[in-house]
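Presented below is the structure to which this report refers.
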């Protein structure tokens, strides 16, 4: 009887030991799988962002695709059109980034902007939505009725003040 009881205790002890080892192995395996994180991303097609002030639309930004990386507050935009309603300006670019938290927009491709009075071509632009400031460090060309200005770097404010910063060449026509 004692031998039988000892065998049962030994079998139970070995079972508990094996069960514990198996449990620890499975638990450790889960932790490793949890630590291995693959960053994901999502995208939206045909996106439209509106900026309104006092119920009036200030500008509308549309893009054929917006890629959102996991954990970031930036959207990488493709095939962009931005319409600034008050000034009746339409801007086109192939690629850009809209920062959701800072409410700013920047392109990393050639930008073409048009209105009834002028056309602008720039290597890139940075647009701070809150202040309304637009700028670029790259090459810029502005052409309007009776003039053409080109240079490098530009600052523009909401009050119609535009400054071309370096290597300015201006041509005026009658």
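The values are calculated or read from the model by the stated rules, or taken from the named source; none is laboratory data. A quick note: this is a predicted structure, and the numbers were derived from the prediction, not measured. Reconstructed Cβ throughout: ideal geometry from the backbone, glycine too, with neighbour counts over all protein chains shown.
Annotations for the structure displayed:
- When 146, 153 are checked against the criterion of being in the same structural domain as residue 101 (by TED's automatic domain parsing), loosely packed, with under 11 Cβ neighbours inside 10 Å and more than 22 Å from the chain's Cα centre (by Cα), a single residue qualifies: 146.
- Being within 26 Å of residue 68 (Cα to Cα), out of contact with any helix residue (DSSP H, G or I) (no Cβ under 7 Å at 6 or more places or on another chain) and loosely packed, with under 14 Cβ neighbours inside 10 Å is a description that applies to residue 100.
- Residue that is farthest from residue 53 (Cα to Cα) [pool: residues in the range 103-124 that are under 14 Å from the mean Cα position of the chain (by Cα) and buried (at least 17 other Cβ atoms within 10 Å of the Cβ)]: 107
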